Amino acid sequence: MSEFWLISAPGDKTNLQAWERMNTVTSKSNLSSNSKFHIPDLKVGTLDALVGLSDELGKLDSFAESVIKKIAQYIGEVMEDSKDKVQENLLANGVDLISYLTRFEWDMAKYPIKQPLKNISEALAKQVTQIETDLKTRSAAYNNIKGNLQSLEKKTVGNLLTRTLADIVHKEDFVLNSEYLITLLVVVPKSSYVQWQKTYESLSDMVVPRSTKMIAEDAEGGLFTVTLFRKVMDDFKAKARENRFTVREFYFDEKELKCEKEELMKLASDKKQQYVTSASDMSKHISLIHGFMVPTGSCELHLAQKTEAQQRMTALLCVFSQGPLLRWLKVNFSEAFVAWIHVKALRVFVESVLRYGLPVNFQAMLLQPNRKSVKRLRDVLNVVFKHLDEVAAASIMDPGMDIPGLQLSNQEYYPYVYFKIDLSLLD
């Protein structure tokens with residue numbers, strides 16, 4: 001179960017005995033896995049400051065969680081060909097999320113504890129906001145290039161009536177630089193191959209005999225060349241339509257075809273320059289397919305199942321997904337997640353001081369409930385810690401009980417300080 005409960009209760013002798021009782025009951029009945037959650041001695045400040053900070057931290061908590069979910073989901077999108085490996089790329093300080101959480105240690109270097117709590121909160125908010133801003137910029141760049149690639153791919157995956165012919169035709173298929181002759185490309189349904197061969201020479205005058213040949217074929221038909229005199233071209237097209245032969249409006253232009261290929265290459269180059277580091281770094285992990293560097297492994301296997309035109313598109317996206325964008329996402333996921341857990345720690349500290357008073361003396365505990373025992377665990381906690389707030393405990397045990405002045409949700413307010421941490425970030 002990826003849900004954790006971060007709770008706290010006073011740290012005096014009586015309540016430490018309650019902790020021991022709670023640990024004994026939950027472990028014996030296999031209700032949850034428990035571990036102490038260490039929070040350092042932070043500067044308390046004034047009561048007014050704590051009350052105001054409590055509200056701000058609640059908003060920051062939700063914001064930080066939304067940012068890490070965005071990054072996690074974007075990692076999943078970038079790793080679309082390796083969906084099963086997304087979770088193992090979600091790390092915090094180089095370890096899996098559960099390990100980081102259960103062994104949490106306050107980062108003294110990044111968030112010095114001698115400064116006021118509000119300063120720590122503002123530093124965390126600034127860090128998470130900057131990550132979100134950078135994510136928007138990088139995701140926009142990725143989506144722009146991905147959109148361009150998809151537009152080019154659409155041109156290469158249609159049928160012979162609509163798709164680009166640039167990667168199909170060759171110079172030798174055409175009569176070029178002739179004042180009188182022109183070569184047309186005609187799409188013929190499969191069921192009409194015989195009819196085409198019998199009739200194409202008589203569809204109009206001045207068709208060059210035996211000038212047709214099929215240069216491409218798909219599931220619906222074939223692409224044939226035919227050479228004729230320019231002056232009968234319009235007549236030939238009209239007669240072809242009558243016989244359900246479709247003449248493609250295509251004229252071989254070497255410069256134009258070269259420009260189209262250069263556009264694709266430029267897109268690949270732009271992507272490499274923006275997201276791929278040195279060639280030496282990539283050389284251990286790439287193969288050469290149709291002139292493109294692509295990562296070995298899953299992407300290479302994925303490419304083998306596609307047409308050449310589709311392979312070109314997929315190759316570019318694979319280079320992208322294995323490059324610095326993914327590395328940036330992983331690094332900043334870690335940064336944002338670490339910041340989020342520090343926000344949780346701050347919330348526990350502030351709420352514990354507000355709830356239990358001064359001097360600061362509380363114990364925080366992290367519980368991972370057994371999926372089948374959530375309700376029973378909650379009942380055990382309410383019984384063990386009901387002495388901390390008899391009125392709230394009574395309202396929880398009897399949901400129908402109306403308590404004047406208690407404005408908090410009965411489902412989220414307990415005799416002890418409680419915050420939920422849900423690690424289901426890809427749902």
Requested in this report: For Glu390 paired with Glu263, estimate the spin-label separation in nm (one decimal), with each label point 7 Å from Cα along the Cα-to-Cβ line.
Outcome: 7.9
Requested in this report: Grab the Cα-Cα distance for Lys43 and Arg355, subtract it from 0.36 nm times how many residues apart they are, and report the gain in nm with one decimal.
Outcome: 110.7 nm
Query raised in the report: What order, most packed first, do the peptides 360-370, 48-58 have when packing is the mean number of other Cβ atoms within 10 Å of each residue?
Result: 360-370, 48-58
Query - Residues whose placed amide H lies under 5 Å from that of Ser32, excluding near-sequence neighbours - result: Asn370
Query raised in the report: In whole Hz, what ³J(HN,Hα) sequence does the stretch 330-339 give by Karplus (6.51, -1.76, 1.60; θ = phi - 60°), x for Gly and Pro?
Result: 5, 5, 7, 4, 4, 4, 5, 5, 4, 4
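If you place +1 on the Cβ of every Lys and Arg and -1 on the Cβ of every Asp and Glu, how big does the dipole about the Cα centre of the stretch 74-154 come out, in debye to the nearest 20? List each step's numbers first, then the result.
Working: 11 positive and 12 negative charges, 73 e Å.
Using only the charged Cβ atoms, the result is roughly 360 debye.
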Report summary line: In the stretch 171-251 the accessible area split gives carbon plus sulfur, as whole percent at 1.4 Å, a share of 49
Query - Val208 long-range amide H proximity, modeled H, under 5 Å - result: Thr227, Leu228, Phe229
Requested in this report: Would you mind checking Lys59/Lys136; Lys83/Lys146; Lys198/Lys255; Lys126/Lys344 for any pair whose Cα atoms are more than 25 angstrom apart?
Outcome: Lys198/Lys255
**Report entry** Under 5 Å, built H, 5+ apart or other chain: amide partners of Ala216
**Finding:** Leu223
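At 0.36 nm per residue, and after removing the present C-alpha to C-alpha distance, how many nm does the segment from Glu254 to Gln197 gain when stretched out fully?
Full extension of this stretch gives 17.7 nm more.
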Query raised in the report: Which of rounded, prolate, oblate describes the stretch 70-152, given a ≥ b ≥ c as roots of the alpha-carbon gyration tensor eigenvalues and a/c under 1.5 marking rounded, otherwise prolate only if a/b is larger than b/c?
Result: oblate
Query raised in the report: On full extension of the chain, what length is gained from Glu105 through Ala140, given 0.36 nm per residue of separation minus the C-alpha to C-alpha distance?
Result: 9.1 nm
Query raised in the report: Roughly what would the spin-label model give for Glu220 and Thr162, points 7 Å off Cα along C-beta, in nm?
Result: 0.7
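Place the peptides 180-187, 162-169 in order of packing, highest mean first, counting for every residue the other Cβ atoms within 10 Å and averaging per peptide.
Numbers: 180-187: 19.4, 162-169: 17.0.
Ranking, from highest mean packing down: 180-187, 162-169.
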Query raised in the report: R0 = 45 Å: FRET efficiency of Lys28 with Asn148, Cβ-based, nearest 0.05?
Result: 0.15
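Suppose all protein chains stay in the model; what accessible area per residue would a 1.4 Å probe give for the stretch 171-251, in Å²?
Numbers: 4800 Å² over 81 residues.
It amounts to 59 Å² per residue over the stretch 171-251.
Highest mean first, how do 217-224, 110-117, 341-348 rank when packing is the count of other Cβ atoms within 10 Å averaged over residues? Could you put the intermediate results ahead of the total?
Values: 217-224: 16.9, 110-117: 14.9, 341-348: 22.4.
Highest mean packing first, the order is 341-348, 217-224, 110-117.
The values are calculated or read from the model by the stated rules, or taken from the named source; none is laboratory data. What you see is a predicted model, and the numbers here were worked out from it, not measured in a lab. Neighbour counts run over all protein chains shown; Cβ positions are idealised from the backbone, glycine included. Just so you know, the surface numbers come from the protein's heavy atoms only, side chains and all, with ligands and any DNA or RNA stripped out. Shrake-Rupley method; radii C 1.70, N 1.55, O 1.52, S 1.80 Å.
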